[in-house]
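Just so it is clear, none of the values below were taken in a lab; they were calculated from the coordinates. Predicted, not measured: the structure shown is a model, and the values here were computed from it. Using ideal geometry, Cβ is built from the backbone for each residue, glycine included, and neighbour counts are taken over all protein chains shown.
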Amino acid sequence: MALFLVQHGHSLPKDKDPKKGLSQEGIAETKRIAEVAKAYNVLVSGITHSGKTRARQTAEIIASVLEPEGGVEESTGLNPVDDVTAFADKIDSAVDRMLVGHLPFMERMTSYLITGSMEKPVFKFQNSGIVCLDKYPTTSFWVIKWALMPNIG
């Protein structure tokens, strides 16, 4: 089964929105990526987000397009500097789950799942981008199966 990791969409600066909700660009890019994922028949059983406004909004936009059976839920442990090892222990590889959070957490989680070390970068995230990881057969490690990013340049 797959694990989908998403960095929240572009957010407004703190001086314009103290809660740092999504900007118009962030909303548009998130919708576009979600629609591309739907066109590729990406199935997600549920979406979990950090609870921060920008992550919640990103999760809700993706859910409105992909319509996960398990809906959207908030979770602790997905904030920018939270411990990825603690959260990784809670991942059920038998379920197609999407996690929406922040940097550096998402990049460190990807590194940890693939290499066993948070300190070995393996992927550079973009706002609203989706990275699909899959368990490599007969190992405890994950691999990058595919990625959808708003910008390729």
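Counting charges near A59 (Lys, Arg +1; Asp, Glu -1) among other residues having Cβ under 12 Å from its Cβ returns a value of +1. For segment 119-153 versus segment 1-45, the spacing of their alpha-carbon centroids is 16 Å.
The aspartates and glutamates whose alpha-carbon is closer than 15 Å to the alpha-carbon of K31, local same-chain residues fewer than 8 away aside, are E60, E67. Averaged over residues, the count of other Cβ atoms within 10 Å places the peptides 138-146, 76-84 in the sequence 76-84, 138-146, highest first.
Over all distinct alpha-carbon pairs, what is the Kirkwood Rh of segment 2-148 in angstrom? Taking every pair of different Cα atoms in segment 2-148, averaging 1/r and inverting gives 15.1 Å. Which entries in K19/K90; K52/K90; K14/K135; K38/K90; K16/K135 show an alpha-carbon gap greater than 32 Å? Exceeds cut-off: K14/K135; K16/K135. Orientation-averaged projection of segment 98-153 equals 4.0 nm² [convex hull of Cα atoms, one quarter of hull surface area]. Other residues with beta-carbon under 14 Å from the beta-carbon of N127 carry, at +1 per Lys or Arg and -1 per Asp or Glu, a net charge of +3.
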